[in-house]
Amino acid sequence: MKKRKSKKKWKPTNSNICNTGEYFIASLLSSNDYITTITLGRAEAYDIIAVRPDGKTAKIQVKTAWYDNKVFRCSPKDTKKRNLDYFYAFVTLKENKEPFDYFIVPAKIVSKSIRQSHNTWLKRGHKDNSVRTFRSKPSKTCPKWYTQELIDSFKNNIRALRKY
C-alpha cells in the first residue's frame with residue numbers, strides 16, 4: 001500500500017498573522033480620522049497608539065487569529081487592570097476566505113472576563129498554566145455578566161473607542 005501524503009493547509013507565519021491584524025486595525029482607525037502608529041514590538045503592553053480627532057489617545061493591544069476562532073489566546077499579563085485609554089482588538093482573519101471580523105473591547109472588560117473565567121476553570125479542577133483566553137462567544141466558564149449581547153456590541157465597531 002502506498003502511503004498517502006497529507007496535504008498541509010497553507011498558513012502564513014505567526015509574525016505575519018500578527019502583522020496583518022495590527023495593520024488591519026490601523027487602517028480602520030486611519031480611515032476613521034485617527035492618527036495611528038504601530039509600535040512594531042517596541043512597546044511591551046500595546047501594539048498601536050491611536051489619537052482621536054478630539055486629541056484623546058488610545059493604546060491598543062491586538063490579538064489575531066488565522067482561523068475563525070471564538071477563542072483568543074492571552075496571557076496572565078492580560079488580567080491586569082488597565083487605564084481607561086487601553087483597549088484590545090481581537091481580529092479573526094478567517095483564512096482569507098471571508099471579510100475579517102474584529103472586536104474592539106475596553107481592557108477593563110477583557111481583564112475582568114479573563115480573570116473570572118480562568119478562576120472558574122481552576123475551580124473545576126484544572127491545573128494552572130500560563131494560558132488565558134478571551135472568548136467572542138460565552139462558554140460555561142464565563143461570568144454571567146459576560147453575555148453574547150455585550151460581546152456583539154464590540155463586534156466590527158470601531159466607534160467603541162469613542163465611548164471613553
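No lab work stands behind these numbers, since they all come straight from the coordinates. Fair warning: this is a prediction, and the values are worked out from it, not measured in the lab. Backbone-built Cβ (ideal geometry, glycine too); neighbour counts: all protein chains shown.
Here are some notes:
- Ranked for footprinting exposure by Cβ neighbours inside 10 Å, fewest first, Asp152, Asp54 give Asp54, Asp152.
- The chain - percent relative contact order, Cα under 8 Å, separation 6 or more: 18 percent
- Order of Ile17, Ile151 under a 10 Å beta carbon neighbour criterion, fewest first: Ile17, Ile151
- Within straight-line cross-link reach of Lys97, aspartates and glutamates at Cα separation under 20 Å, skipping those fewer than 8 residues along the same chain: Glu22, Asp68
- Exposure proxy order (Cβ contacts within 10 Å, fewest to most) of Ile35, Ile49, Ile104: Ile35, Ile49, Ile104
- Using the Cβ of Lys108 as centre and a radius below 10 Å, the other residues enclosed give a net charge of +3, where K and R count +1 and D and E count -1.
- In plain terms, the chain from Asn16 to Val71 could stretch by 17.9 nm, reckoned as 0.36 nm per residue minus the Cα-Cα distance.
- Candidate lysines - alpha carbon under 25 Å from Lys77, same-chain residues fewer than 8 apart omitted: Lys56, Lys59, Lys63, Lys108, Lys112, Lys123, Lys127, Lys137, Lys140, Lys144, Lys155, Lys163
- Rounded if a/c under 1.5, otherwise prolate or oblate - the chain, Cα gyration tensor axes: oblate
- Rg/Rg_ref, segment 75-164, where Rg_ref = 2.2 N^0.38 Å and atoms are Cα: 1.13
- Charged-residue dipole, Cβ positions (Lys, Arg, Asp, Glu), the chain about Cα centre, Debye nearest 20: 1120 debye
- Of all DSSP bridge pairs formed entirely within the chain, close to 75 percent run antiparallel.
- Each of Ser117, Pro99, Leu161 was scored by the projection of its Cα onto the charge dipole of the chain, and the greatest displacement toward the positive side belongs to Ser117; charges sit on the C-beta of Lys, Arg, Asp and Glu.
- Stretchable slack from Glu98 to Tyr23, in nm (0.36 nm times residue separation minus alpha-carbon distance): 25.3 nm
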